[in-house]
């Protein structure tokens, strides 16, 4: 009797995995139903809605792939929540009875959370906890969502401020450098921005802590946290206290992106002002200010808008180091502590939210690009 081909074997093994773990089957069914619904909506919709729905359809398998790859990578790391919680069976110090009790407690813990099952079964139970919002700290066996929501508020709030500062400062710098190229001011800004871009954020953060977080200095910033221990309860004093705490972290997250965006803005503006329609506007007697702000600015924003998507993962990754250095209770410190404690659910939840935010940023940048550039349509962008 001839043996089954590799395709048949793969198909049968997939079906068997679903039969063993029904949560994988439910997860796949939800994904398929969601994609089917979005396809039906895309048939009858405006150009913008169809474009957004198509991109959402692409995001679904992308997020699924990120979840699978991330989970497999995490499982390759040494240790697991059981070993971290009980510290190894041999470390019990209360005699044989205590050691036996520790062994039994660890065995029950591992059976309860399926830590010794196959990796696809563990992934299925993670998907179940994710969709039922039942992700937990394995060490304390309590829900992670309250802490995660608080951490997300902090990180998203700081990064929104960072985004605003980057674009509000970088765009005028880029315009000025392009309007007066090769001048002393342009060369000075170029040198300064290249120096800033080359400085690692963690190095700058440590220098700022040494120089500006010393109470003996003339300018003193708090060294850690979001609020002082004796922070006032009134809103505006409370807000000022928080701003005083986040000045240095925001500076560390802002300067590198500011340097990069300003250079891209300068390059885009220089390319645009060499176009024929700009020379025509000059020949008609248009002022330099009008040429820059009215004729050239919109077209020079194209590369800067597309960089919006690449800045988001850069800032999220940088938040891990900066939040840890300044003890900011955000997603970065939340994920770092989860990795150190082998908290699978914490790490996976953080990666999931980072993936969703990154893909959403890419979608927003694509939509803004089409809105700014009338020569590109949503049908062409899709």
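Miscellaneous remarks
- First in region 105-122 and on the phi > 0 side of the Ramachandran plot, second anywhere and assigned to a helix (DSSP H, G or I) and at pLDDT 80 or above, Cβ under 9 Å, 6 or more apart: 114/121; 114/122; 114/124; 114/125
- Qualifying residue in region 231-247 (condition: under 26 Å from residue 307 (Cα atoms), touching a residue at least 40 places away in the same chain (Cβ under 8 Å) and in the same structural domain as residue 326 (by TED's automatic domain parsing)): yes
- In region 200-226, the residue that is surrounded by the most Cβ atoms within 10 Å (Cβ to Cβ) out of those that are modelled with pLDDT under 75 and more than 15 Å from residue 249 (Cβ to Cβ) is 214.
- Qualifying residue in region 227-236 (condition: out of contact with any helix residue (DSSP H, G or I) (no Cβ under 7 Å at 6 or more places or on another chain), outside any loop (DSSP other than H, G, I, E, B) and either surrounded by fewer than 16 Cβ atoms within 10 Å (Cβ to Cβ) or at pLDDT 85 or above (or both)): yes
The rows are residues; the columns are (1) surrounded by 15 or more Cβ atoms within 10 Å (Cβ to Cβ); (2) in contact (Cβ under 8 Å) with a residue 40 or more places away in the chain; (3) within 17 Å of residue 255 (Cβ to Cβ).
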| residue | (1), (2), (3) |
| --- | --- |
| 145 | no, no, no |
| 185 | no, no, no |
| 188 | no, no, yes |
| 193 | yes, yes, yes |
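- Being free of Cβ contacts under 8 Å to residues at least 60 places away in the same chain, farther than 30 Å from residue 174 by Cα and touching a helix residue (DSSP H, G or I) at 6+ places or on another chain (Cβ under 6 Å) is not true of residue 281.
- Checking each residue in region 154-182 for being at pLDDT 90 or above and exposed (fewer than 14 other Cβ atoms within 10 Å of the Cβ) picks out 168, 172.
The values are calculated or read from the model by the stated rules, or taken from the named source; none is laboratory data. None of the values given here were measured: they were computed from a predicted structure. We place every Cβ from the backbone using ideal geometry, glycine too, and count neighbours over all the protein chains shown.
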